[in-house]
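For reference, the structure discussed in these notes is given below.
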Amino acid sequence: MPKNQTSNPTSALPLLTHAMVLLMAVATGVIVASNYYAQPLLHAIGKEFGVGEAGTALIVTVAQSSYAVGLLLLVPLGDRLERRGLITCLTLIAAAGQALVAYGPGMGSVLVGTAVTGATSVVAQVMVPFAATLAAPQERGRVVGTIMSGLLLGILLGRTVSGLLSDLGSWRTVYQVAAVLLVFVAASLRWVLPRHAGTSTMGYFALLRSVGTLFAQEPLFRARSLLGGLTFAQFSVLWTSLTFLLVNPPYGYSNSTIGLFGLAGAIGAAAARIFGRMADRGHANRSTRFGLWLLLLSWPLLWWGGASVLGLLLGILVLDLAIQAVHITNQTCIYRLQPEARSRLAAGYMTSYFIGGAAGSLASAAAYTHAGWAGVCALGLGLSVVALLYGSLAPNARAEEITVETASPPKAA
C-alpha cells in the first residue's frame, strides 16, 4: 500500500479506511489527553510540593503554552516530512515527557516534563490534516469530525481516568500509565498508517515563514483562527478553575469524583460528527452561529453551578458541545483553502487556538483568586459575548464563498 501513494494529496486516491479513522481518533484522544491529566490533580500535586493554587495552575499554562510552541514549530513539518515517521517519533518523545513527570523529584521536573509532552503531543494536529488529505472530498468533514471527537473525548475523559487512577494509586500513577499508553499508541500507528511523503520542498525556516504568508493571503483563515482562540479560551477558563471549585465547599469532592465531570463534556464530543456533516453540506455559518449562541447560554448555567451540581453539569455539557461545533466547522473550512498546505494551516489555526487556551488559563486562575467562581463565570461570559459579536458580524468569518465539495464528484487520479 505505501508504494501506491503519491506525495501530491490532491491527485491521490483516498486511502483512508474506517479502521484507520478509528485508530487515528483513539490515538489522537490518548495523545492529547496527556495535556489534561493534571487538571483534576492540581490540588494533590500542590499539596505534595507545597505549592498554592496559582502555582499549580502554572502546570496548565505550561501545557497550553508549550502546545502552542509545538504547533508553530513542529506541525508545519507535516507538509515537509514523511508523515508516519514524524507521527511515531513525536509520540515517543511525548511518552518520555510523561515519564519525566511520573518519576521526577519536584515541581521543576513536573513543569519540564509537561512542556516536553505539550510540545510533542501536537502530533494530534499532524494526524488531522493527514486524515483530511487521505479522505475523499465528500467525506472530509465527517472524517475530521470523527477524529476531533476522539480529541475532545481524550481531553475530557483524560480528566476522568486521571481522577480514578490517582485515587487507586497516586497522582504519579496517572503519568506512569500514560507513558506506557503512548508507547503502545506509537507502535500501533507505525504498524497501521501508510507512509506518505510531504508535499513541500521548502526549507524549515521557509516553511515556518509560509504560515505567516497564509495568514496574510487568507482572510477566512485569519478570522477562523481568531474565533478558535476566543472559544478555546473559554474552555480553559472553565476547566482550569473547576477543580478549585469542586475541591472546596460546598462540594468537597475527591480527585476521582472531580474527574467524572469530564463525562458531562464527553457528550458534546459525541456530537462532533454532526457539525462536520453540516459543513460538508454548506451550512458552516449556521453551525458556527449555533455554537456561539450555545456558548453564551452555557455561562449563566455555570454561574448557577457554583451552588448547584445540576447547573454545573448542564453548563459543562452545553459549553463543550458549543466549542466543538465551532471548532469542527472552523477546521473543515480552513482545510479547503490550500490543500497542499494543510499542515501549515493546522499549525496556524491551532497555534491561535492554544494561545487562547493559555491566556484563558492564566486569566481564569487570576479571576478565581480575586473573585471566586462568580469572577470565573463573568470572565467566560464576557469572552462569549466578544466571540458571538465577532463571529456574527465580521465579514471575513463568514464561509459563504466556500463551495460544497459534494456538489461535483471528485476527480479521478
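Between the range 291-321 and the range 333-397, the alpha-carbon centres lie 17 Å apart.
The order of VAL237, VAL386, going from fewest to most other C-beta atoms within 10 Å of their C-beta, is VAL386, VAL237. A Gaussian network model of the chain, with springs between Cα atoms under 10 Å, assigns the largest mean-square fluctuation among ARG209, ARG142, ARG289 to ARG209. Net length available on complete extension from ARG286 to ILE274 is 3.1 nm, with 0.36 nm assigned per residue and the Cα-Cα distance removed. Scaled against 2.2 N^0.38 Å for its residue count N, the alpha carbon radius of gyration of the range 64-219 is 1.13.
Neighbour counts of C-beta atoms inside 10 Å place PHE184, PHE232, PHE205 in the sequence PHE205, PHE184, PHE232, starting with the fewest.
Subtracting the Cα-Cα distance of LEU296 and GLU48 from 0.36 nm times their residue separation leaves 85.5 nm of extension gain. For the chain, the longest principal axis of the alpha carbon atoms and the long axis of helix 171-192 meet at an angle near 10°.
Residues considered: LEU152, LEU16, LEU41. Largest GNM mean-square fluctuation over the chain, using C-alpha springs under 10 Å, is found at LEU16.
For the chain, divide the Cα radius of gyration by the Kirkwood radius and give the resulting Rg/Rh value with two decimals. Numbers along the way, then the final one.
Numbers: Rg = 20.1 Å, Rh = 21.0 Å.
A ratio of 0.96.
Distance between the 7 Å Cα→Cβ label points at VAL183 and TYR251: 3.5 nm. With axes computed from alpha carbons, what is the tilt in degrees of helix 140-168 against the longest principal axis of the chain, rounded to the nearest 10 within 0 to 90? Roughly 30 degrees between the two axes.
The C-alpha atoms of the chain define a longest principal axis, and helix 342-393 lies at about 10 degrees to it.
What longest region of the chain stays clear of GluC sites (Glu not before Pro) that DSSP places outside H, G, I, E and B and that have at most 16 other Cβ atoms within 10 Å? Don't jump to the answer; show the numbers that get you there.
Numbers: sites that count: GLU82, GLU400, GLU401.
So the longest stretch without any such site is 83-399.
Distance from the Cα centroid of the range 26-65 to that of the range 200-238 is 25 Å (rounded to whole angstrom).
Using a Förster radius of 25 Å, what is the FRET efficiency between LEU168 and ALA96 based on their Cβ-Cβ separation? Nearest 0.05, please. Plugging the Cβ-Cβ distance into 1/(1 + (r/R0)^6) gives 0.55.
Taking a ≥ b ≥ c as the square roots of the Cα gyration tensor eigenvalues, with a/c under 1.5 meaning rounded and otherwise prolate when a/b beats b/c, else oblate, which class fits the range 291-353? Please report the intermediate quantities before stating the final value.
Working: a/c = 4.49, a/b = 3.33, b/c = 1.35.
Because a/c hits 1.5 or more and a/b exceeds b/c, the range 291-353 counts as prolate.
In the Gaussian network model of the chain, springs joining C-alpha atoms below 10 Å, which of GLN234, GLN64, GLN338 carries the largest mean-square fluctuation? Looking only at GLN234, GLN64, GLN338, the biggest GNM fluctuation is shown by GLN338.
For a quick check: sort ARG281, ARG224 by the number of other beta carbons within 10 angstrom, fewest at the front.
Lowest to highest Cβ neighbour count: ARG281, ARG224.
Extending 7 Å from Cα along the Cβ direction at LEU337 and again at LEU208 yields two label points whose distance is 2.0 nm.
Computed extension gain for VAL192 through TYR103, at 0.36 nm per residue and net of the alpha carbon distance, reaches 28.9 nm.
Each label point was placed 7 Å from the Cα along the Cα-to-Cβ direction; for ALA374 and ALA136 their separation is 5.7 nm.
Helix-only mean residue ellipticity at 222 nm, the chain, DSSP H runs n ≥ 4 weighted -39,500 (n - 2.57), per residue, nearest 500. What is it?
Details: 16 runs with 309 residues, N = 413.
Value at 222 nm, helices only, nearest 500: -25500 deg cm²/dmol.
Computed over the range 222-378, the alpha-carbon pair-distance distribution with 5 angstrom bins reads 2, 10, 17, 21, 20, 13, 9, 6, 3, 1, 0, each value a whole percent.
Here, each number is a calculation from the coordinates, and none is a lab measurement. These figures come from a predicted structure and were not determined experimentally. With ideal geometry, Cβ positions are generated from the backbone for all residues, glycine too; neighbour counts draw on all protein chains shown.
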